[in-house]
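The values are calculated or read from the model by the stated rules, or taken from the named source; none is laboratory data. Source: prediction; values computed, not measured. Cβ coordinates were reconstructed from backbone atoms using ideal geometry, including for glycine residues, and neighbour counts include every protein chain displayed. Note: accessible area is taken over every heavy atom of the protein model, side chains too, but ligands, DNA and RNA are not part of it. Shrake-Rupley method; radii C 1.70, N 1.55, O 1.52, S 1.80 Å.
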Amino acid sequence: MASLDRREFLLGAAATVAAGTSASAETSKLLGRCPGYGAAATLWDLQADPRLGEAISKYCTQVVPVLELKWPMLRPDPHTFAFERADAILDFARANDLTMRGHTLAWYHDIPDWTKQIKDAKTAERTFVDHITTVVSYYKDKLTSWDVVNEPIPDNPRKVSDRRDSYWSSMLGERWIPLAFRTAAAADPFVKLAINEYDIESAKDSFIAKRAAFRNLIQDLLDQGVPLHAVGLQSHLHAELEIDKDGLAAFVAELRSWGLEVLVTELDVDDQKLPGDAAQRDAIVAKCVDDLLRAITSSGPLNSILTWGISDRYSWINGTFKRPDKQPNRPLPLDGSFQPKPFMDVIAKFAKAA
Ligand code: XIL
């Protein structure tokens, strides 16, 4: 976005929000901000619907861009770093006294075609290191944390040493993961560096296997002295699956005993397999979130809970996991009209405990 558009954006939706929330702690309390609670948003949605920015400002203390810090948006071609759209979200965050975290530097998914066309290992490594160095340096002192490596474990690992195949692993081997962390730490020695994963929260064999492989990778990185500070539990929950309360609590306790912080980074609940009644679905979804947060907080504080969106109106779940009865999914703390659901009460309860 050109800087003029950015200014217009700030003078529009976000500035309206900012006016009401120049966010002293007192104002925050009045407006019901939940300490440590944040939401993901795209710039498109923030610009299109002022209610979204207002809701984030009302309930949240942090924000994370859904798309704007991923490779495709930042890197339209090998020579360009297009920071404008992520910068506009950072401007929104600052205008509303929110912190911002970064997502994501190295992922098997969302690698631009021009990158995948690089076929020699040296150029691939140079591109990878240059991207991480440039992006982390640019946002030095501006973001609270980075998801450095996203989703490194395959969905059905057969052994704990299994890692997800990707363009990066094919070009750089398994060292792409330590390299990503070392490069990020060299560019900003103070920002919190996280590894982020999904489908490890429920009591299902494939989830338990994935958690074990994730644990093995984390342990391996720490053994190698890799600068890893935090573990992100994405928590894209499935409403029909039980949270593995004991297994998850033990995993989180172990991570904390290794000196790592635990973050909830992308919480939402897919209710496609639940029956139709909305109130019933909302209650089951809230119970799922309560089970999750209870397990995670049983061994220590949880200072960061982010949901992947805040209102059902703007959620990737509705596009990705459609309900057979064609009703919209209800995955987030606010409904499609930005009214709080029981999910938000659970967030408030655990955010206050943080
Ligand atoms: C999703 C976005 O929400 C979608 O809009 C996009 O099309 C694909 O990516 N795990 C992640 C997020 O780490 O980056 C994903 O976001 C959701 C799953």
| remark: Taking a probe of 1.4 Å and leaving out DNA, RNA and ligands, the chain shows per residue an accessible area in Å² of 41
| request: Normalising by the residue count of region 310-354, find the relative contact order in percent from Cα pairs under 8 Å and 6+ residues apart. | output: 37
| field | Point-charge dipole on Cβ atoms (K/R +1, D/E -1) for the chain, about Cα centre, debye to 20 | value | 260
| request: Measure out, as a whole number of angstrom, how far apart the alpha-carbon centroids of region 195-270 and region 140-190 sit. | output: 15
| remark: If amide H atoms are modeled at 1.01 Å from N in the peptide plane, then the residues at a separation of 5 or more from residue 70, or on another chain, having amide H under 5 Å from its own are 104
| said: Just to verify a number: what accessible area does residue 164 come out at with the full protein assembly present, 1.4 Å probe, Å² rounded to tens? | reply: 40
| said: Keeping all protein chains in place and using 1.4 angstrom, which order do 271, 220 fall into by accessible surface area, from largest down? | reply: 220, 271
| said: If DNA, RNA and ligands are ignored and the probe is 1.4 Å, what is the ranking of 201, 125 by accessible area, most exposed first? | reply: 125, 201
| Share, in percent, of DSSP beta bridges within region 226-354 that are antiparallel, nearest 5 | 10
| field | Longest to shortest principal axis, alpha-carbon extents of the chain, angstrom | value | 52, 51, 39
| Ignoring ligands and nucleic acids, what accessible area does residue 256 show with a 1.4 Å probe (Å², nearest 10)? | 50
| task | First compute the accessible area of region 196-285 with a 1.4 Å probe, then give the percent of it belonging to carbon and sulfur atoms. | result | 50
| note | Heavy-atom accessible area of residue 133, protein chains in place, probe 1.4 angstrom, given in Å² to nearest 10, is 50
| message | Need the C-alpha centroid separation for region 41-96 versus region 281-337, integer Å. | response | 21
| 181, 190, reordered so the largest accessible area comes first (probe 1.4 Å) | 190, 181
| Using a Gaussian network model of the chain with C-alpha springs under 10 Å, which one of 268, 110, 291 is most mobile by mean-square fluctuation? | 110
| request: Return the sequence-ordered ³J(HN,Hα) values of region 64-71 in whole Hz as given by the Karplus equation 6.51 cos²θ - 1.76 cosθ + 1.60 applied to θ = phi - 60°, using x for Gly and Pro. | output: 9, x, 6, 10, 6, 10, 7, 3
| request: State the antiparallel share, in %, of DSSP beta bridges confined to the chain, rounding to the nearest 5. | output: 5
